[in-house]
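Only one structure is covered here, and it is reproduced in the block below.
The values are calculated or read from the model by the stated rules, or taken from the named source; none is laboratory data. Just so it is clear, the model here is predicted, and its values are computed rather than measured. Glycine gets a Cβ as well: all are built from the backbone with ideal geometry, and neighbour counts include every protein chain shown. The protein model used for the area step is the full one, side chains on, heavy atoms only, and it has no ligands, DNA or RNA in it. Shrake-Rupley method; radii C 1.70, N 1.55, O 1.52, S 1.80 Å.
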Amino acid sequence: MLSPIQVLCSDITTLSLEPEPFASYTEADIISTVEFNHTGELLATGDKGGRVVIFQREPESKCEPFSQGEYNVYSTFQSHEPEFDYLKSLEIEEKINKIRWLPQQNAAHFLLSTNDKTIKLWKVSERDKRPEGYNLKDEEGRIKDLSTVTSLQVPVLMPMDLMVEVSPRRVFANAHTYHVNSISVNSDYQTYMSADDLRINLWHLDITDRSFNIVDIKPANMEDLTEVITAAEFHPHHCNLFVYSSSKGTLRLCDMREAALCDKHSKLFEEPEDPSARSFFSEIISSVSDVKFSHSGRYLLTRDYLTAKVWDLNMESKPLETYQVHDYLRSKLCSLYENDCIFDKFECAWNGSDSVIMTGAYNNFFRMFDRNTKRDVTLEASRESSKPRAVLKPRRVCAAGGKRRKDDISVDSLDFTKKILHTAWHPTENIIAIAATNNLYIFQDKLNSELH
């Protein structure tokens, strides 16, 4: 049994879902969120143009035994359109901020998608039969002249080409004054929450005209505002617990059994700041951009600008583990502040067994850390290194002034316009999805079957 990080170092293969090489793209084509469903058979992406693309995993065939794991386009639909708030004279972007799947209850799939203001529930279903032999309609659907109907027949269902239908089932609107940054489905599968910069609302999936405000950090005077909510997520097993992160680098665990308004947290996770390391950028780089519960529910994974941290729910004083994602950028913070890259919001992900974590970086690099062996690896998602079935080679960045080995990349030659902000890990297998600008890369290890 190899550890996942060893497999992902040496035996990742690429499943290309990109357009033609070097095809031009627009701002609307940039992928803004990636999410596997609960079985991993479907993968959804959202982009800045308000579109959702769903990929489906192909079943393994006898003639092509290695085709298992390949994802092909299943359905594409327009989720959100650009809007204009006439009351505030503000344009509302169509960009999809987050997608969350609901656990499958029947043949259909359901997912939530949100832009800055409006959350929508979509139903994705298949149809491969159509009714024929109506008594009162002809083949083209026109009503027949009743005088011509001389006999009755029983309509029958006839096979047809498979058609995937996507339809909006609910629209949850007008509940957020500020930009929605997170949505999270509760483990009771009846409610979900949505978070913006200052408030978190609790919704019932069947009720669109009201929600309950469960967190409100807006001060009476906005000049007293010192922090904003950056991410929020429900506990995977306890429907009363949720966590939210802030721009000050803190995590607050709340229990909805304690009060209707969870302004008072149950636990506060915060790492004391080292006064000797304080600088102008300290508060910016300590802002938490993403928080994820482990599958077991015991740990929290957070990402700030330079590090990924694992917290134990039973230890509030400091993180259990801290991983340096790109510490070589510390000397570059001034230029990263000037070009606004310091405000980039990187996401993070757990593997299915909570033993490996993954997060993105610049130059189309992404990082993996094995929690057991403490090994880490830097890999690249790019057209050149990602030919189908190609093996990814570990990359290494050489800090300014450091010793350079062969194939090392200097920190000065990193491309900060190529950034991997959005990543997702298959819930049970070593399959990962990486969004790099307008391209979606799916990597799968060759020894998948041995690991699971």
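Our coupling estimate for the range 258-266, obtained by passing each phi through the Karplus curve with A = 6.51, B = -1.76, C = 1.60 and θ = phi - 60°, is 6, 6, 5, 9, 8, 5, 9, 6, 7 Hz, Gly and Pro reported as x. D224 exposes around 100 Å² of accessible area when a 1.4 Å probe is run over every protein chain in place. Ordering of 300-310, 329-339, 151-161, 273-283 by packing is 300-310, 329-339, 273-283, 151-161, highest average first (other Cβ atoms within 10 Å, averaged per residue). All alpha carbon pair distances within the chain were sorted into 10 Å bins beginning at 0; the resulting P(r) in whole percents reads 4, 19, 29, 26, 13, 5, 3, 1, 0, 0. Using θ = phi - 60° in the Karplus curve 6.51 cos²θ - 1.76 cosθ + 1.60, the 3J(HN,Hα) couplings for the range 92-101 round to 10, 5, 8, 3, 7, 7, 8, 10, 9, 7 Hz; x is entered for Gly and Pro. Ignoring aspartates and glutamates fewer than eight residues from K117 along the same chain, the ones with Cα atoms less than 16 angstrom from its Cα are D47, E81, E83, D85, E91, E93, E94, D196, D197, D209.
Phi angles of the range 35-40 translate, via the Karplus equation with coefficients 6.51, -1.76, 1.60 and θ = phi - 60°, into HN-Hα couplings of 8, 7, 7, 5, 9, x Hz per residue; Gly and Pro are given as x.
Give me the percent of the accessible area of the chain that comes from carbon and sulfur atoms, probe 1.4 Å, all protein chains in place. Its accessible area is 51 percent carbon and sulfur atoms. Quick one: which residues, 5+ away or cross-chain, put their amide H under 5 Å from the amide H of I409? H built at 1.01 Å from N. It is R396, V397, C398, by chain and number.
Counting only heavy atoms of the protein chains, get the accessible area per residue of the chain (1.4 Å probe) and round it to a whole Å² value.
On the way: 22750 Å² over 452 residues.
Averaged over the residues of the chain, the accessible area is 50 Å².
Restricting the range 173-273 to trypsin sites (Lys or Arg not before Pro) that sit in a DSSP loop and have at most 11 other Cβ atoms within 10 Å of their own Cβ leaves R210, R257, K264.
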